[in-house]
1. Name, by its number, the condition in (1) touching a residue at least 60 places away in the same chain (Cβ under 8 Å); (2) surrounded by fewer than 19 Cβ atoms within 10 Å (Cβ to Cβ) that does not hold for W77.
2. Looking at the structure I just gave you, is R207 under 23 Å from the mean Cα position of the chain (by Cα), loosely packed, with under 15 Cβ neighbours inside 10 Å and either on the phi < 0 side of the Ramachandran plot or of a type in the set (K, R) (or both)?
3. Only one residue in R90, R113 is touching a strand residue (DSSP E or B) at 6+ places or on another chain (Cβ under 7 Å), closer than 25 Å to L126 by Cα and among the basic types (K, R). Which one?
4. When region 140-163 is examined, which residues are found to be hydrophobic (A, V, I, L, M, F, W, C) and either in a strand (DSSP E or B) or touching a strand residue (DSSP E or B) at 6+ places or on another chain (Cβ under 9 Å) (or both)?
5. Taking region 326-338, which residues are assigned to a helix (DSSP H, G or I) and within 14 Å of R402 (Cβ to Cβ)?
6. Output the helices (runs of 4 or more DSSP H) that fall wholly within region 216-295 and possess 2 or more residues being in contact (Cβ under 8 Å) with a residue 40 or more places away in the chain and farther than 30 Å from D314 by Cβ, or say none.
7. So, in region 395-411, of the ones that are at pLDDT 80 or above and not small (G, A, S), which residue ends up nearest to the chain's Cα centre (by Cα)?
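The values are calculated or read from the model by the stated rules, or taken from the named source; none is laboratory data. Remember, predicted model here, so these are calculated numbers, not experimental data. Here Cβ is always computed from backbone atoms with ideal geometry, including for glycine, and neighbour counts include all displayed protein chains.
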Amino acid sequence: MIVNICSQGVSPVAGRRKIIFLADMESFYASVETALNPSLRGKPVVVCGDPVLRHGIVLAASKEAKACGIKAGQPAWECRRLCPGAVFVRPHMHTYLEYSMRITQIFEQFTDRVVPYSIDEQFLDLTGCEGLFGAPREIARAMIRRVGEETGIRCRIGLGENPLQAKMACDCFAKRAEDAFFELNAANYAAHTWPLPIGKLFGVGHRMERNFHHMAVRTIGHLAGLPREALARRWGVSGEILWLNAHGIDHSTVEPGGAARQKGVGHAMTLPRDYATPRELAVVLLELTEEVCLRARALGKMGGTVHVYCRGADFDRPSGFSRQKKLPEPTSVTMDVYPHALSLFRRHWDGQPVRAVGVSLTGLTDRDRYQLSLFNRRAAKDALGEAMDGIRERFGATSIFRAASLTPGAQLFRRAGMIGGHEA
């Protein structure tokens, strides 16, 4: 789940069992809004985008809103139907990031091995900290208390001997525990998790859940009872990993900086309206490709494969595609990647209105290692890209741009002040 291989459940200190926490913030966005505006406390708060621009999707809901059946990912109109008294709040991503960093700073006072997993989840390795802060449960209580006192947000903590066990402990049990804490380990993992529905297992999405149901695999225990080799034959490495997850086995460790080793870079967006013309979609694809290549260059990487994702606008009849193509040679130059991304889109698009589109580069390699060519002006292209990156970093994303971003359908200027596609 994180990185780096080590023996199962054993710390670098010989013979010592590892103490891994996953700390999760309850309804994080909604909790931040309530902390900033105490008058919202006790009300069904829903953090939601702008319905006018078709971003009226629930990002977070308070426990009062969840009690009415509201869940993340639901459209605003459905929330109003489920809970007429819901209080809608627009997202403030910059503020959420600030709170997330404040929470990280609190955790770093207990251990230097803190790895953010998402904006509201963080892994911590507290192995060896018992002498300073007490038993794991005491440490968890201290952390929960500190986060609550300093931010006004309720923290839940799962404890395990590896990151997987900590994640399962938090998601499946700590969130419902009165003291917001739960422990899983090699001795009790099967007793607690095997009766759970298969969809509760980390790594099992809706599609895989359907596959397992077709195989009469309804619980995590059913999966654990299958032969490991059978899952590996059917789904390859993914099947084997799910079998390991069902048994609570995870060989990864929590080390700062490990999450930075990524396999690809991508960018996707939900469009503010249905896009139906090839010209508008081509502009969005260009802007997405520009952003992806910029991110690759910032990592000192280039990609060998371009991937294009498209989702249709009709929810009743789902359509779209996800296709990839190997590039002639690895690159992070926008105008080397874009023709292939556009070609993929044109080949697989069914001509129906589009709601969301994305572009990504995978097969990352270092930018300073490539095959020399007499016909590719790579050095000049790289220099141009780096110069544009420098201008944008100093003066902002809209300080230099392609003329296509001034045409209908372009999204650069609208999204320039956003974080994660939402208001900063």
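1. Of (1) touching a residue at least 60 places away in the same chain (Cβ under 8 Å); (2) surrounded by fewer than 19 Cβ atoms within 10 Å (Cβ to Cβ), only one is false for W77: (1).
2. Working: under 23 Å from the mean Cα position of the chain (by Cα): yes; loosely packed, with under 15 Cβ neighbours inside 10 Å: yes; either on the phi < 0 side of the Ramachandran plot or of a type in the set (K, R) (or both): yes.
Taking the combined requirement at face value, the residue satisfies it.
3. Working: R90 fails: closer than 25 Å to L126 by Cα.
Result of the check over R90, R113: R113.
4. Residues of region 140-163 that are hydrophobic (A, V, I, L, M, F, W, C), as a first pass: 140, 142-144, 147, 153, 155, 157, 159.
Correct list: A140, M143, I144, V147, I153, C155, I157, L159.
5. Applying the first criterion (assigned to a helix (DSSP H, G or I)) to region 326-338 yields 334-338.
Result: T334, M335, V337, Y338.
6. Details: elements: 220-224, 228-235, 237-246.
Where helices (runs of 4 or more DSSP H) fall fully within region 216-295 and carry at least 2 residues being in contact (Cβ under 8 Å) with a residue 40 or more places away in the chain and farther than 30 Å from D314 by Cβ, they are 237-246.
7. Q411
Okay, residues lined up against (1) under 25 Å from I70 (Cα atoms); (2) surrounded by fewer than 16 Cβ atoms within 10 Å (Cβ to Cβ); (3) among the charged types (D, E, K, R):
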site	(1), (2), (3)
E108	no, yes, yes
P116	no, no, no
E121	yes, no, yes
L132	no, yes, no
I139	no, no, no
I144	no, no, no
